[in-house]
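The values are calculated or read from the model by the stated rules, or taken from the named source; none is laboratory data. Quantities reported herein were computed from a predicted structural model and do not represent experimental measurements. All Cβ positions, glycine included, derive from the backbone under ideal geometry; neighbour counts span all protein chains shown.
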Amino acid sequence: MDNNRIRKCPECGSKNVVSDSKHAELYCADCGIVIAENLVDLGPEWRAYDSEQASKRVRTGPGMSYRIHDKGLSTPMPKLPAGIKRLRWVNMDSSEKTLAFALIEIDRMACALKLPNDIKEAASVLYRKAEKKKLIKGRSIEELVSAMLYIICRQYGVPRTLKEIARVSRSPIKKIRRAYIFLLRKLELKIAPADPSHYIPRFCSELGLSEATRERAIEIIKENKGTGAARGWAPIGTAAAAIYIAAVLSDEGEYRTEKEIAKVAGTTEITIRSRYKEMETRLKLNIDALSPHSRREKASATLSF
């Protein structure tokens, strides 16, 4: 008989069934009959009067995570004086200290870039893999961790550029790029070229453009799909050029200058100009003639006559 399913007295039919944990009995409060006895209490043996006390007394922790240097499998200890904490850190060997520092850096940069937990977890796994292959020793942790975050973002299709990672890293972009190439070669990783359309929603949001303009920019990318990759175009420049064309073609007066788009995308005005010039040839457009700036110049020229 499952005691948890007993909701009705078999003698009188009353539903007023009481569980007495002190005497390990289940009885009917109306007729007094003992329905079950010698019940086993499956709950904890400790007692807590609030949620804070319960969290301190519980002995089970979160699931295993590669984001913690001991994978979260260590036994939680009570609060210790500061001196004892320092002793525990000293007792860690150098590889554990390095791992703990690297995982803290991954978490710090990922939080600054607003990356989800699965990216942090995957970057932590990649670091452990590199450590197992002895690729960490003698190299800058900041450079390697920054490059690993960029690799994972590329693998997961999360639009983050090297410049964005360099802004939250403690290493310059040149060293991060060097570490990125080193890891790709040593770990034999193959990264597909970044899709420019992945950058468009974020750039359009920062520029305050409408959904219609965003969709038009994505369509422009699709129409030019393969052209940029074949010519070695950087995905950021391609995305910025598509946004510029879509903003010019917008019927809602959402024109943005090359300078505004370049600032948000982290590229140059010259790059945007050269990209959209090649894209407009394929689309059979004359962007310069359609832009508000060009129209204003023509209007002023007409008035001067």
Legend entry - Within segment 225-242, tally of residues that are assigned to a helix (DSSP H, G or I) and at pLDDT 70 or above: 8
Inset, instruction - Identify, from the list L103, L115, the residue that is out of contact with any strand residue (DSSP E or B) (no Cβ under 9 Å at 6 or more places or on another chain), at pLDDT 80 or above, assigned by TED's automatic domain parsing to the domain that holds S169 and in a loop (DSSP other than H, G, I, E, B). - result: L115
Legend entry - Odd one out for L144, checked against (1) crowded, with 22+ Cβ neighbours inside 10 Å; (2) modelled with pLDDT under 85: (2)
Legend entry - Residues located in segment 140-159, provided they are assigned to a loop (DSSP other than H, G, I, E, B) and within 19 Å of the chain's Cα centre (by Cα): G157, V158, P159
Inset, instruction - For segment 118-134, state whether one or more residues are free of Cβ contacts under 8 Å to residues at least 60 places away in the same chain, within 21 Å of G266 (Cβ to Cβ) and surrounded by fewer than 16 Cβ atoms within 10 Å (Cβ to Cβ). - result: no
Inset, instruction - Among the numbered conditions (1) assigned by TED's automatic domain parsing to the domain that holds Q155; (2) in a helix (DSSP H, G or I), tell me where S171 comes up short. - result: (2)
Legend entry - Count of segment 160-213 residues which are within 17 Å of G237 (Cα to Cα), of a type in the set (A, V, I, L, M) and under 20 Å from the mean Cα position of the chain (by Cα): 3
